[in-house]
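The block underneath contains the structure these notes are about, expressed in structure tokens.
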Amino acid sequence: MKTIGESMYNNKSKIDINIVNKGTILSDVFESFNLNDLSIISSHTSRVVNLSKIIANKYDEDEEKVFLASLLHDIAGVISSKRWVEFCSENSIAISDLERKIPILTHQKISKWIASNVYNITDSEILSAIECHTTLKKNPSNTDLIVFIADKIEWDQQGEPPYKSAMLNALDISLEKSALIYISYVIDNNLLKVPHPWILEARFALERSIKTTHNTTSEQRSTGE
Ligand SMILES: [Fe+2]
């Protein structure tokens, strides 16, 4: 396992964070969850890391990028959700009016900030997957899709997610299909108070990409390619 962030955390944040940074990112993250009594986030993160690895192998994607993004995607939990909006304004994290009204939407940006400023992650693909793990975004990379999908299948609530088996089955077809099953489920069942613009853009882009792939495959079949 690669060791990242060997320097001690030098508190770049203007709000104190109760977080461990001793140099081994895997144990640092779980020790940080432990320190803040975050057993649900800890177990959820561990399941997301495991599932992301399986999906990354299935799709031949970079295992380490997927690992780091999954590991850090909910690290914002070390800060009380009551302070998320304040944390963003104190640390110059740009948020929209919708994110200000629905603070849960800010945690993906705060996790990205911590990954970058505490654990010194610089890879844009890893940071992007952390930043859009809740809403996805238009034209997502495979790393974005894998972390998003694993986060939804291995949710942090009780019982099995209603869309779980459909998403798992769709993984045999494509990452896009699997992600779209979740997005359509939450939007069509009005489960989002107000859908974030990124999830709407993601839906549009995924539908278009699936349609294009389907049409290309059909054309190839009819021309015998
Ligand atoms: Fe999560």
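The numbers here are math on the coordinates, done by the rules we state, and not lab data. Everything numeric in this text was worked out from a predicted model, so none of it was measured. Every residue, glycine among them, receives a Cβ derived from its backbone with ideal geometry; neighbour counts consider all protein chains shown.
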- Signed unit charges on C-beta, dipole axis of region 98-185, positive-most listed residue L98, C132, I114: L98
- Taking R0 as 41 Å and r as the Cβ-Cβ distance between Q158 and T216, the FRET efficiency 1/(1 + (r/R0)^6), rounded to the nearest 0.05, comes to 0.50
- What full-extension length gain, to one decimal in nm, is calculated for Y185 and E31 as 0.36 nm per residue of separation minus the Cα-Cα distance? 52.0 nm
- Message: Out of all Cα-Cα pairs in region 15-136, roughly what percent, to the nearest whole number, are more than 21 Å apart?
- Response: 35 percent
- Message: Assuming 0.36 nm per residue, please report the length gained on full extension of the stretch V194 to S46 beyond their Cα-Cα distance.
- Response: 50.4 nm
- Message: How charged is the neighbourhood of H44? Take every other residue with its Cβ under 10 Å from the Cβ of H44, and add Lys/Arg as +1 and Asp/Glu as -1.
- Response: -3
- Message: Output needed for the chain: three equivalent-ellipsoid semi-axes, defined as square roots of 5 times the C-alpha gyration tensor eigenvalues, in descending order, whole Å.
- Response: 31, 20, 16
